[in-house]
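Let me begin by presenting the structure, written as structure tokens, before commenting on it.
The values are calculated or read from the model by the stated rules, or taken from the named source; none is laboratory data. Since the model is a prediction, treat every value here as computed from it, not as a measurement. Reconstructed Cβ throughout: ideal geometry from the backbone, glycine too, with neighbour counts over all protein chains shown. Keep in mind that these areas ignore ligands, DNA and RNA; they rest on the heavy atoms of the full protein, side chains included. Shrake-Rupley method; radii C 1.70, N 1.55, O 1.52, S 1.80 Å.
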Amino acid sequence: MLAALTRLQALAVIVLIVLLAAASLTIGASESGEAISGDGRYSDVQLYTDVGNAVAGGEGYYHAAVRLQRAHGFPTSPFVTVRLPTLAWIEAMLGWRVAGLLLDALLLAAAAAWFAMLRPLVGAPTRMAAMLLVLVGGAMAASPGLMVSHELWAGTLVALAAALRVRGAWVAAVIAAAAALAIRELALPFVLVAAFWSLVEGRRREFATWAALVALYALILALHRQAVIPLSLPTDALSQAWGGLRGPGAVLQDIADVTLLHLIPAPFCFLAVFLSLAGFLGAPAPVARFAVPWLGGVALLLAVFARPVNFYWAILCVPMVTAGLAFLPGMARDLARAVTRRAALGNPPSPL
């Protein structure tokens with residue numbers, strides 16, 4: 001996409017990238033947010049672990065979730081503060097060990113799908129780098145305690161769905177995206193992006209399927225709301241407003257915190273995150289059409305709506321986000337071609 005820019009446009013993009021990269025180095029590391037209740041001792045990870053254990057023990061999901069959230073000061077209103085029951089049901093049915101193996105298998109499938117999807121689009125070195133970086137981005141899946149993260153499952157399934165859709169396997173992509181939605185409603189922007197491109201590309205049957213998925217999901221959310229509201233009490237904690245207005249620096253820090261990029265000393269880890277995001281500008285157009293709006297949407301959530309306690313929303317970027325580093329050489333090459341080609345066209349050789 002960048003290779004088609006005019007010389008002036010390419011120069012403007014280069015200047016903007018350099019300025020933003022420099023700005024990322026000025027961000028000071030702050031204390032990471034922690035998803036905890038008012039008493040500061042009971043984490044969301046422990047909450048979802050206890051909910052899964054309660055469901056495995058025979059308690060109904062909604063009674064278990066509302067009971068535990070109320071007992072530990074977590075809000076039960078609005079209804080979306082109570083997660084959909086899908087992940088708890090999976091954990092209760094399969095057990096913790098098998099559920100963890102399933103999450104690892106999904107990560108491996110996403111990495112393999114990215115490698116296969118990129119085969120006709122880029123060279124072998126870029127394909128291999130992207131596949132390895134998807135695995136690096138999803139490394140937190142290897143931690144047994146984090147398998148209860150709804151965002152981790154949803155982000156992994158979205159990465160898989162994106163690769164499948166770009167490769168042309170749209171039915172499988174719909175299934176993967178539907179699974180992501182069933183676990184976390186914040187996967188909805190990806191579904192809307194996929195529906196948009198299917199409409200633009202004239203894929204009527206596919207568009208109808210994505211639209212039907214959105215309609216069905218609206219019904220599921222309505223049923224979920226009806227299950228939560230009768231169990232909530234006026235004395236239950238209320239969720240604070242989602243309007244943190246934390247700015248772009250929070251995006252870089254939150255993504256660094258949930259990936260292995262946090263192992264790089266600050267502020268260079270923030271630069272690495274910025275380059276990961278910017279790298280998708282150099283991805284093949286079919287990839288960029290899905291990755292850029294999806295990651296951009298998550299970045300918008302983090303910058304505008306997330307409070308420090310919502311830092312874990314950044315896990316939605318996992319494992320896709322780090323794959324952007326594989327496309328940096330392509331981005332640099334495309335920008336260089338745009339600059340030099342236009343310069344050459346503008347300076348024809350003098351006649352002899």
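Things to note:
- Length-normalised contact order of the stretch 1-142 in % [C-alpha pairs under 8 Å, at least 6 apart]: 15
- For Ser77, the residues whose modelled amide H falls within less than 5 Å of its own, excluding neighbours fewer than 5 places apart on the same chain, are Ser239.
- Carbon plus sulfur fraction of accessible area for the chain, probe 1.4 Å, in percent: 70
- GluC sites (Glu not before Pro) within the stretch 146-249, DSSP loop, no more than 15 other Cβ atoms inside 10 Å: Glu201
- With Cα atoms, 0 to 90° folded angle of helix 7-24 axis to the chain main axis: 40
- On full extension, the segment bounded by Ala112 and Ile220 gains 35.8 nm, given 0.36 nm per residue less the C-alpha separation.
- The angle separating the long axis of helix 204-228 from the principal Cα axis of greatest extent in the chain is about 30 degrees.
- With the simple spin-label model, which puts each label point 7 Å out from Cα in the Cβ direction, the Val98 to Ile229 separation comes to 3.7 nm.
- For the chain, the longest principal axis of the alpha carbon atoms and the long axis of helix 124-137 meet at an angle near 30°.
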